[in-house]
1. Just a yes or no: is a residue in the range 177-187 modelled with pLDDT of 95 or more, part of a strand (DSSP E or B) and crowded, with 17+ Cβ neighbours inside 10 Å?
2. Can you name every residue in the range 118-138 that is crowded, with 18+ Cβ neighbours inside 10 Å and touching an Asp or Glu at 6+ places or on another chain (Cβ under 7 Å)?
3. What pairs can you find where one residue is in the range 289-301 and over 16 Å from Lys318 (Cα atoms), the other is exposed (fewer than 13 other Cβ atoms within 10 Å of the Cβ) and modelled with pLDDT under 80, and their Cβ atoms are less than 9 Å apart, with a gap of 6+ or different chains?
4. Restricting attention to the range 87-113, and to residues there that are in a loop (DSSP other than H, G, I, E, B) and among the β-branched types (Val, Ile, Thr), which single residue is farthest from the chain's Cα centre (by Cα)?
5. Anything in the range 114-128 that is assigned to a strand (DSSP E or B) and within 9 Å of Glu38 (Cβ to Cβ)? List them, or say none.
6. Of the residues Thr241, Thr223, which single one is surrounded by fewer than 17 Cβ atoms within 10 Å (Cβ to Cβ), assigned to a loop (DSSP other than H, G, I, E, B) and of a type outside the set (D, E, K, R)?
Amino acid sequence: MTFKKTAFTFFISLAFTLSGTLAYAQQLTDEPAGGMDENELEAAEIALPPSKTAIPSSINNVYLSKYYKSWDTLCVKRYAEVPPALGDSVSLPLFNEYSTGFVMPVEGTFLSPFGHRGRRVHSGVDIKLEAGDPVSVAFDGVVRMARRYSGYGNCVVVRHFNGLETLYGHLSKINVRVNQQVKAGDVIGLGGRTGRASCNHLHFETRFQGKAFNPKQLINFDTYSLLADTFAVTRATYGLTRDYLPGTSTTELVAENGNGNSKSKSANSSKSSKSKKYHTIKSGDTLSAISRKYGTSVKQLCSINGIKPTKKLQLGTKIRVR
């Protein structure tokens with residue numbers, strides 16, 4: 001009798017566990033896990049007055065003043081200037097010899113992509129982490145916003161010297177303050193699930209002039225490295241379909257290029273992707289040793305990965321070698 005009761009209890013417990021797992025997976029799919037989705041954000045901020053906060057001298061330079069005229073420390077995407085025309089084409093250098101380069105904010109399992117979730121627009125990507133895990137800033141820049149912000153929970157927005165802005169949501173703790181200058185790799189907060197979140201994860205966004213776009217256009221989430229050392233912003237950058245990437249459909253390619261060469265461009269893109277090669281970091285590896293092994297140079301490795309020669313290589317991570 002005791003055995004039957006124990007078995008019954010076990011199967012009931014298992015059923016609840018499976019049910020909870022399925023519900024959790026469904027919740028990740030359905031919820032706008034990045035806190036407020038893009039439509040809600042627009043509605044919440046549209047009636048607010050333009051920010052009158054002065055741009056700090058550390059980021060008030062000729063290059064960025066072409067793109068930004070305001071410095072709002074309270075809102076994610078509210079700007080005083082007129083929104084940019086999507087037809088404009090801008091080439092942004094992601095780093096140079098004076099910058100720290102790029103650092104992946106957190107190296108975790110990819111949970112949820114950018115783009116439409118039914119009527120909602122998930123304006124970033126979700127990356128799994130444990131509560132209290134350090135979250136690093138991706139590029140050099142200055143903290144524009146650091147506060148609890150509705151569905152985002154504890155949220156940090158950084159404006160970078162390359163023209164981009166990045167957002168880090170659901171943090172359990174914020175470690176930086178507004179107007180603070182940061183270098184790529186600096187810990188700006190600790191991971192958590194504050195705001196509208198179903199589990200501990202980082203909600204990560206990339207934005208240009210207030211508009212969100214898929215971070216996968218910049219970052220390889222398998223190798224935790226940049227796809228290139230420059231980023232071209234065009235009207236095709238801002239598509240909102242689920243896991244949107246420019247060039248994945250004929251319509252998008254024609255809209256971007258204004259011609260009918262979509263097939264050849266798609267083929268060239270596929271060929272280029274296949275030609276890329278990566279090396280998994282092992283004990284004793286150095287940039288010099290890796291460059292010799294693959295017949296390249298340390299400078300080239302740093303250039304295609306967006307890193308500095310002094311970067312510490314982490315075991316098990318991948319580095320692009322060509």
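The values are calculated or read from the model by the stated rules, or taken from the named source; none is laboratory data. From a predicted model like this one, the values you see are computed outputs, not experimental measurements. Neighbour counts run over all protein chains shown; Cβ positions are idealised from the backbone, glycine included.
1. Yes, because at least one residue in the range 177-187 is modelled with pLDDT of 95 or more, part of a strand (DSSP E or B) and crowded, with 17+ Cβ neighbours inside 10 Å.
2. Residues satisfying the conditions are Val121, His122, Ser123, Gly124, Ser136, Val137.
3. The qualifying pairs are Lys299/Pro309.
4. Just the residues of the range 87-113 that are in a loop (DSSP other than H, G, I, E, B), to begin with: 87-89, 94-109, 113.
If we keep only those that are among the β-branched types (Val, Ile, Thr) as well, we get 100, 103, 106, 109.
Details: Thr100: 17, Val103: 11, Val106: 10, Thr109: 13 Å.
Restricting to residues being in a loop (DSSP other than H, G, I, E, B) and among the β-branched types (Val, Ile, Thr), the top hit is Thr100.
5. The first filter runs over the range 114-128 and keeps only residues assigned to a strand (DSSP E or B), leaving 115-117, 120-122, 125-128.
Correct list: Arg120, Val121, His122.
6. Working: Thr223 fails: surrounded by fewer than 17 Cβ atoms within 10 Å (Cβ to Cβ).
Just one listed residue meets the conditions, Thr241.
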